[in-house]
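Written below as structure tokens is the structure these notes are about.
We did not get these values from a lab; they are worked out from the coordinates using the rules stated. In this text, all values refer to a predicted model and were calculated from it rather than measured experimentally. So basically every Cβ, Gly included, is an ideal-geometry build from the backbone, and we count neighbours across all protein chains shown.
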Amino acid sequence: MSAANTIQMGSTTPTTEEEQFISGYQWMLLARLLEDKLTSLYRAGKIVGGVYVGKGQEAFSAALAMQLSPKQGDVYGPLIRDQAGRLAFGENLMDSIRTYLGSVEGPMRGRDGNIHRGRPRDGMTAMISHLGAGISVINGMLMANRFQGKTGVVGAACIGDGGTSTGSFHEAMNQAAVEKLPLVVAIANNLFAYSTPNDRQFACKDLVDRAIGYGIAGHHCDGTRLEDCLSTFEEAVAKARSGEGPQMVVGHMLRLSGHGQHDDGWYVPESLKVSSVGQDCIDNASKYLLKREWATEDELAAWEKKTRARIDRAVSKVSKEPKPDGARENWYALSTKHLCEGTPEV
Amino acid sequence: MSTVKAKQRPAPRSGDITYIEAIQAAQAKVLEEDERVFIYGQDVGNFGGAFKATKYLADEFPGRVLDSPISEDASVGMAIGAAINGMRPIIEMQFADFSSVAMNQIVNQAATHYYRTGVPIPITIRLPSGGNEGSGPFHSQSLESLYAHFPGLVVMMPATVEDAYSMFLEAVAIDDPVIFCEHKFLYYHLKAPALPEKSLPVGKARIARAGTHITVVASSAMVHEALKAARTLADEGYQAEVVDLRTAKPIDTDTILASVARTGRLLCVAESFPWGGINAEVVSRVVAEGFHLLDAPPQRLNCKDTPIPYHPNLWAAHRPTASSIESAIRRILRF
């Protein structure tokens, strides 16, 4: 694996409130425009499987990952709608495009697609589709740090409202609490798990109330507001890092797409779309940038143009890369090759 | 919360080392020699485990033998994460049966990880397996066929004290996930004079008894039932060759075929449920690759296709025993 293909580390860390916000906005914009591009490639038949976007939750996703440092050993378990967070954590833009397009140059080499990608050795796990199962894996990475005497390291795991109903989620939360791990769990409550609304998913008043039951700290933020997400995650991650144990952060927002691009989300009521929870975090963030005079309309337009060009260049490059070949694939499920069972020859 | 502390581990006895003591000694050895190793499971800490496989170890290796909550899923998930970050976790399931709760982590997370990401997951999951009198449907199952079904796992089934020790050391050394099926019936009954210095490599089957009239392929506790049956038949002049598989995955097809080439007859014995599984796999391979070697249709003997009954009278009739193996061998020899 060449250095250029691994998680990018060591970019300048934004420090002031303005720098933080602009940085967050740019990750959100990159994620949104990348996913728009992936959606059009999917509709053009260039992507098989599916495309799952994080439209509407880029602020919540990016704000968490911006607090993490893979260089320091922080680990990150993104989920379906965390393109923005993946980029902010340091995922190379090419990793996403290569995985979606099935390039052998990508981290998954055509063996897994779309959102199921990661670079575990660089601190970013490769999610499986079974929701909640990734949280205890992050717990384990943090336990390894403890055994190895590494301190000041944080692990973050992402989940949605639907994923909180699984047994895996409960076991992992309780485990993290018992071990007092420096874990931040980000629950993006986008009001729908595929088509199932919150009132068919759980009966508590607010998911953040569950933190009390686990004996951990709970935080709440408005997922449509980048400024709120940034300040909430800054506090939660700092607390986890300083040894205050697991932190649960619940963000509210509306999923501004279907479950995947095969689904138009017809079941989401119009009343929610026009309510405050239905606001687009990118629109809100650009208005905020203008209001605080941190950017002008022209600058916003220039950022967008530059970002689109960057994505187009990357897609163009990846499109020319080789696809996997079933006849040349190494069909080994174990790294211990001599213990692999050969496929019976006919 | 404070608890009463267990006593210290006595020096290993020589002359009559049991199967469970071999596993305990192997765990102590890997903890001693490899700082990446830790043990995590229900009641494995101060209490020493439901079967005492970790007795004294929490005291001897402070902070490295940890009680888990009753959370099989999170236990295996945690082991996977720790393995990604350089550790060599050992997970003790209190009973093999409860590993079904962790099935998702085992087959979807651990077993797929290397193929998907190129990063292997060196974890060892200990499964106290198989039946015992009075254990009933939820403390008796043999799940090796289930785990062997999934690509990305190694499944070990030691049948002897020596293999329990040496295969465990290999399980921890292997860079991939290992399902280590230890048999509860053998824990205290089986004894060996000493722990082994050398062993067959993992992946190789063992000829537990040489013979010329029929090959009996078995594993774990069934090896001993097959050996008993073979001894009875030997009195009548029939020599059964007993092959101890040692690993359910991979299956050492070469050793089995070589044995069938000598005997021309095959019986497969397993304690697991009859539908599919190791027996079916072995028969299938022998028929596909060694049809010309067979003088009689190969047969298999499993437990019955019901949940495992509690009462000793029912349990004895449910699983294969020396007596039912002997009858099966006679039927094949008469063909």
Inset, instruction - Note down the magnitude of the dipole of region A:193-338 about its Cα centre, charges +1 on Lys and Arg C-beta and -1 on Asp and Glu C-beta and zero elsewhere, to the nearest 20 debye. - result: 660
Legend entry - Positive-end residue, the protein assembly as shown charge dipole about Cα centroid, Cβ charges, pick of B:PHE61, A:ALA177, B:LEU314: B:LEU314
Inset, instruction - For each pair in A:LYS180/B:LYS5; B:LYS29/B:LYS228; A:LYS46/A:LYS287, compute the distance between the two Cα atoms and list the pairs where it is over 26 Å. - result: B:LYS29/B:LYS228; A:LYS46/A:LYS287
Inset, instruction - Indicate, rounded to the nearest 5 percent, the antiparallel portion of the DSSP beta bridges found entirely in chain A. - result: 10
Inset, instruction - Determine the distance separating the Cα centre of region A:35-99 from the Cα centre of region B:182-212; give it in Å without decimals. - result: 51
Inset, instruction - Read phi for every residue in region B:142-155 and hand back ³J(HN,Hα) as whole Hz from Karplus 6.51 cos²θ - 1.76 cosθ + 1.60, θ = phi - 60°, with x for Gly and Pro. - result: 10, 10, 4, 5, 4, 6, 5, 5, 8, x, x, 10, 9, 10
Inset, instruction - Quick one: among B:VAL107, B:VAL287, B:VAL243, which has the greatest mean-square fluctuation in a GNM of chain B with alpha-carbon springs under 10 angstrom? - result: B:VAL287
Inset, instruction - Hey, can you grab everything whose amide H is under 5 Å from the amide H of A:GLY54? Only 5+ residues off in sequence or another chain; H modelled, so Pro and N-termini drop out. - result: A:GLN83
Inset, instruction - Filter the GluC sites (Glu not before Pro) in region B:228-335 to those in DSSP coil with at most 11 other Cβ atoms within 10 Å of their Cβ, and list the result. - result: B:GLU236
Inset, instruction - Could you pull out every residue, at least 5 positions away or on a different chain, whose amide H is within less than 5 Å of the one on A:HIS219? Hs are placed 1.01 Å off N in the peptide plane, and Pro or chain starts have none. - result: A:MET248, A:VAL249, A:VAL250
Legend entry - Gyration tensor (alpha-carbon) shape descriptor, region A:237-309, a/c threshold 1.5: oblate
Inset, instruction - Could you work out the equivalent-ellipsoid semi-axes for the protein assembly as shown, taking the square root of 5 times each eigenvalue of the Cα gyration tensor, largest first, in whole Å? - result: 52, 28, 21
Inset, instruction - Provide Rg over Rh for region B:197-302; use the alpha carbon set for both Rg and the Kirkwood Rh (inverse mean inverse pair distance). - result: 0.94
Inset, instruction - At most 11 other Cβ atoms within 10 Å and a DSSP loop assignment: could you name the trypsin sites (Lys or Arg not before Pro) in region A:182-215 that fit? - result: A:LYS205
Legend entry - Long-range HN-HN contacts of B:VAL243 with modeled amide H, under 5 Å: B:ALA208, B:VAL216, B:VAL217, B:ALA218
Inset, instruction - Could you work out, residue by residue across A:165-171, how many beta carbons of other chains sit within 10 Å of that residue's beta carbon, and then give the average as an integer? - result: 5
Legend entry - In order through region B:320-326: 3J(HN,Hα) via Karplus (6.51 cos²θ - 1.76 cosθ + 1.60), integer Hz, x for Gly, Pro: x, 10, 3, 5, 6, 5, 4
Legend entry - region A:251-340: trypsin sites (Lys or Arg not before Pro) in DSSP loop, at most 11 other beta carbons within 10 Å: A:LYS320, A:ARG328
Inset, instruction - Over the alpha-carbon set of chain B, divide Rg by the Kirkwood Rh and report the Rg/Rh ratio to two decimals. - result: 0.98
Legend entry - Dipole in debye (nearest 20) - the protein assembly as shown, about Cα centre, beta carbon charges: Lys, Arg +1; Asp, Glu -1: 1020
Legend entry - chain B, dipole about Cα centre (Lys/Arg Cβ +1, Asp/Glu Cβ -1), debye to the nearest 20: 480
Inset, instruction - For B:HIS189, put the label point 7 Å out on the Cα→Cβ axis and report which residues of region B:215-248 keep their amide N under 13 Å from it. - result: B:220-229
Inset, instruction - Kindly provide the helix-only [θ] at 222 nm of the protein assembly as shown, computed as the sum of -39,500 (n - 2.57) over DSSP H runs of four or more divided by all residues, to the nearest 500 deg cm²/dmol? - result: -11500 deg cm²/dmol
Inset, instruction - State the dimensionless ratio Rg/Rh of region B:1-107 (Rg: radius of gyration of Cα atoms; Rh: Kirkwood radius). - result: 0.97
Inset, instruction - List the aspartates and glutamates whose Cα lies under 16 Å from the Cα of A:LYS291, skipping any in the same chain that are fewer than 8 positions away. - result: A:GLU17, A:GLU18, A:GLU19, A:GLU227, A:ASP228, A:ASP283, A:GLU299
Inset, instruction - Calculate the translational D of chain A in whole µm² s⁻¹ from Stokes-Einstein, where the hydrodynamic radius comes from the Kirkwood formula applied to all Cα pairs, the temperature is 37 °C and the viscosity 0.692 mPa s. - result: 158
